[in-house]
Amino acid sequence: METPDFSIEFFPPKTPEGAEKLRIARAKLADLNPKYFSVTFGAGGSTQQGTLATVREIQAAGHEAAPHLSCIGATRESIRDVLKQYQDSGIKRVVALRGDLPSGYGGAGELRYASELVEFIRQETGDWFHIEVAAYPEMHPQARSPQDDLQAFARKVGAGANAAITQYFYNADAYFQFVDNVRKLGVDVPVVAGIMPITNYMQLMRFSDMCGAEIPRWVRLKLASFGDDSASIKAFGLDVVTGLCERLLEGGAPGLHFYSMNQAAPTTAIWQRLRA
């Protein structure tokens, strides 16, 4: 079996203090030698310049960086401009997403689905970019049915995606079932598992409600029982997530993509456990 790839996600900082904190976190995480760092792209492209600035800084430090690119609320011309900036910066990998409309925003834009964005990137830039897309082992919250969701994923790959990164999850069976299902559709690209460290119970509940990720009942109840005891939450979360990662890798997951929340310690702790 090939050695699994590890990658780490950041979001663009909004303040100078946040930028400095991210530099410190990135330097620590770089010691883990991830394949690349990805950088998110805000709703409706709201952090576009922050994404590019963060990616350029990562590149300048000698690491591969993959900006996210979303199409919702965008025009073909605006996406063409962003792709040109990425090419001019020597960026060779992107994460192509439909994205979310910011609140109060009007139209959905000229490209409505991630599959259309992938197709447009290929039309404009050929094979310049390695394109990652999103996968949803527990179904996209807006999908009409599990089968519709699988077909949507297959369309993204058919449009030219090279690989996928999943939404985070805590049920390994959901991941393995998803991979089995897409293989039956003839989709054979790597599906890298997205991993969210558990460090804050209320934050995790809020994120999971928004994105449709299920927190197993036993995990939820245990986390709730700790109340404000953050040390116990982090220790239990480390056990749960490391166990999940071990099962995924043993089951053949081609890699892990860590949602770092711009913090070094949680991802580093899981990584070190996996290496032990």
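Can residue 220 be described as under 15 Å from residue 168 (Cα atoms), open to solvent by 30 Å² or more (accessible area, probe 1.4 Å) and assigned to a helix (DSSP H, G or I)? Here the answer is no, as residue 220 does not meet what is asked.
Does residue 70 meet the test of being open to solvent by less than 20 Å² (accessible area, probe 1.4 Å) and touching a helix residue (DSSP H, G or I) at 6+ places or on another chain (Cβ under 9 Å)? Reasoning before the result, please.
Working: open to solvent by less than 20 Å² (accessible area, probe 1.4 Å): yes; touching a helix residue (DSSP H, G or I) at 6+ places or on another chain (Cβ under 9 Å): yes.
Yes; evaluated as a whole, the condition is true for this residue.
Checking residue 215 against (1) over 20 Å from residue 180 (Cβ atoms); (2) open to solvent by 80 Å² or more (accessible area, probe 1.4 Å), which test does it fail? For residue 215, the exception is condition (2). Only residues that are among the hydrophobic types (A, V, I, L, M, F, W, C), touching a Phe, Trp or Tyr at 6+ places or on another chain (Cβ under 8 Å) and within 30 Å of residue 188 (Cβ to Cβ) were counted in region 251-276, giving 5.
Of the listed requirements (1) buried (at least 19 other Cβ atoms within 10 Å of the Cβ); (2) under 15 Å from residue 66 (Cβ atoms); (3) more than 21 Å from the chain's Cα centre (by Cα), residue 85 misses just one: (1).
Residues in region 118-133 that are in contact with a helix residue (DSSP H, G or I) (Cβ under 7 Å, 6 or more places away or on another chain) and open to solvent by less than 30 Å² (accessible area, probe 1.4 Å): 118, 120, 121, 125, 129, 131, 133. The residue that is nearest to residue 25 (Cα to Cα), counting only those in region 247-276 that are in contact with a strand residue (DSSP E or B) (Cβ under 6 Å, 6 or more places away or on another chain) and polar (S, T, N, Q), is 262. Only one entry in 208, 260, 232 is modelled with pLDDT under 95 and open to solvent by less than 40 Å² (accessible area, probe 1.4 Å), namely 208.
Going residue by residue through region 167-184, is there one that turns out to be surrounded by fewer than 15 Cβ atoms within 10 Å (Cβ to Cβ), in contact (Cβ under 8 Å) with a residue 40 or more places away in the chain and in a loop (DSSP other than H, G, I, E, B)? Checking region 167-184: not a single residue is surrounded by fewer than 15 Cβ atoms within 10 Å (Cβ to Cβ), in contact (Cβ under 8 Å) with a residue 40 or more places away in the chain and in a loop (DSSP other than H, G, I, E, B). Of all residues in region 187-215, those that are closer than 21 Å to residue 140 by Cβ and part of a helix (DSSP H, G or I) have Cβ atoms under 8 Å from Cβ atoms of residues that are β-branched (Val, Ile, Thr) and open to solvent by less than 20 Å² (accessible area, probe 1.4 Å), 6 or more apart or on another chain, in 204/198; 204/215; 205/215; 208/215.
The values are calculated or read from the model by the stated rules, or taken from the named source; none is laboratory data. Everything quoted here is computed from the prediction, not taken from an experiment. Please note: Cβ atoms are built from the backbone with ideal geometry, for glycine as well, and neighbour counts cover all protein chains shown. In case anyone asks, the SASA skips ligands and DNA or RNA and just uses the protein heavy atoms, side chains included. Shrake-Rupley method; radii C 1.70, N 1.55, O 1.52, S 1.80 Å.
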